[in-house]
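**Q** What follows is a single structure, and I will ask about it in a moment.
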Amino acid sequence: MKKWIIGSVLVATVGGGSWFFLHNEEQPQMATAAVQTSTVKKGDLEVNVTGSGSVTTITDQDVTAANTLLGVKSVSVVSGESVSKGDTLLTFENGETIVAPFDGEITSVGITSASSVSEGTVLLRIENEDGFISPITRGNGTTIDTTSSETTTESESNSGENSEGQNGAETESAAGETGGTSSTEGATTEESGNNSGGSGLIVDTVNVKEGQMVNKGTTLMTFTDGSILQAPSKGTITSLAAGSGDSVQGSTTVAHITDYSSLETTISVDELDITNIEEGQSVEVTASAFPDEKFEGTVTEVASEGTSSNGVSTFDVTVQITDPKNLKVGMSTEASIEVESKQGALYIPVEAVYESGDEKYVLVPTSSSDSSQTTKKVTVETGISNDTSVEITKGLSEGDTVQIPKVSSNQTSSQDEKAMMKGGFGNESGGGMSGNPGQAPNGGPSSAGGRGQGGGQ
């Protein structure tokens, strides 16, 4: 008899367990909604625009033989002096001379003895008897053919239709275009020795070596015609492609300079935020390689044209890093640009604010007479906001409590849960504000990536 009873109990137990398991399995695993609260805080609120990029150098350039300088030995005239065609105006260190192309008056002298001039530099200006002013430049090979200039002089003098400045510009262009041609009547140079100015130059000495750091103006190499090649900026010589005795043409790259001490990063900024960015703004830069270190920077350039992708335009913003320290070219960076801030602002988490049409409101917990917890809707007005916090300008006071929806879901979300989560301040102009509130030191909210006002910090 006991065996039968025990068997019945076992059958009932197993059967009941099976029914419970099957019944439970048929029921969907519903999400349970809970709420949490937050108080209205007072502190400093910042709105930042952020973006990612990589470290690059500001100076990274080729140095060509066309950048050579020719030393001036002496200047034989002064401004206001009258000269005759063929008079010597100045002499270069290599013995070449510049002579007056026609009778006239020296109106200005742009160089002095011992100075160095590059190709195309305006040396002085001369005015003829008809009031036509012609610039005298250092042309390619310092050979300047002014035949076309004189032709222009005659025609312009007869017509008298163009201004002095226009004539000067046309003559300067003509002088540059005819530089390097054979000497003809009216030429301004009497040649002596090899050509200078980066055309068929022979390297005499090389003063630097690859890997050497140089300052702007350091002589990199000299040429047999007496001209020199100087560093256009400070940096490290990363390549050197010419040696003593080599023949180089004007377009030949003879060295490359990179300045590893002056670094920058370029980030892409959304079109909704680019109007908040301007040159000179302070930037906080972080690098993946140094997660615990922050670098200061300054906006140095804002792109005038954007790049469109999938209907969204972004604009490049260049940030110069003030003190690169151990940063290296190619490292990935994050930059945060402060575009707006307010001290003593009242703020709450962004998800506490709901929207219904043009109305913004929060839910404030209240207690009824039977001690049950209820909420009431309070209309608010908002100010600046970032990814975590939004300023309350009207409707709440410091210390007030607001409700924040919080959903903990097992697996399947119900329609009620989805409806609840439609609340929040996520539809502001600029969009994209989300995230949990954070409390920073001194009562301010914590920073987060995102857009500017209405967008995120």
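Bear in mind these aren't lab numbers, they're just calculated from the coordinates by the rules spelled out. Given the structure is predicted, the values throughout are model-derived calculations rather than measurements. Glycine gets a Cβ as well: all are built from the backbone with ideal geometry, and neighbour counts include every protein chain shown.
**Q** Once label points are set 7 Å from the Cα along Cα→Cβ at both Ile202 and Thr238, what is their separation, rounded to one decimal in nm?
**A** Label-label distance for Ile202 and Thr238, simple model: 3.3 nm.
**Q** Using R₀ = 35 Å, calculate the FRET efficiency as 1/(1 + (r/R₀)^6) where r is the Cβ-Cβ separation of Ser84 and Val302; round to 0.05.
**A** 0.05
**Q** Can you list residues whose amide H is under 5 Å from Ser341's amide H, if they're 5+ apart or on another chain and H is modeled 1.01 Å from N?
**A** Close amide H contacts, sequence-distant or interchain: Val47.
**Q** If you add up the charges near Glu359, with Lys and Arg at +1 and Asp and Glu at -1, over every other residue whose beta carbon is less than 13 angstrom from its beta carbon, what do you get? Could the numbers behind the result be given before it?
**A** Values: positive: Lys360, Lys377, Lys394; negative: Glu355, Asp358, Glu381.
It works out to a net charge of 0.
**Q** Could you sort the peptides 244-256, 88-100 by per-residue average Cβ neighbour count (10 Å cutoff), highest mean leading?
**A** Result, highest mean Cβ count within 10 Å first: 88-100, 244-256.
**Q** Between the stretch 331-399 and the stretch 261-293, how far is it from one alpha carbon centroid to the other, in angstrom?
**A** What the calculation gives is 28 Å, centre to centre.
**Q** Using amide H atoms built in the peptide plane, which far-off residues or other-chain residues are under 5 Å from Asp246 H to H?
**A** Counting only residues 5 or more places away or on other chains, the set is Val203.
**Q** Output the peptides 45-53, 322-330, 277-285 sorted from most to least packed, where packing is the average of other Cβ atoms within 10 Å over each peptide's residues.
**A** So the order, starting with the most tightly packed, is 45-53, 277-285, 322-330.
**Q** What net charge is computed for the residues neighbouring Lys216, neighbours being all others with C-beta under 11 Å from the C-beta of Lys216, Lys and Arg scored +1, Asp and Glu -1?
**A** Details: positive: Lys234; negative: Asp259.
Net charge around Lys216: 0.
**Q** Karplus couplings for the stretch 253-263 from phi (6.51 cos²θ - 1.76 cosθ + 1.60, θ = phi - 60°), rounded to Hz, Gly and Pro as x?
**A** The phi angles translate into 7, 9, 7, 9, 10, 10, 9, 7, 8, 10, 10 Hz.
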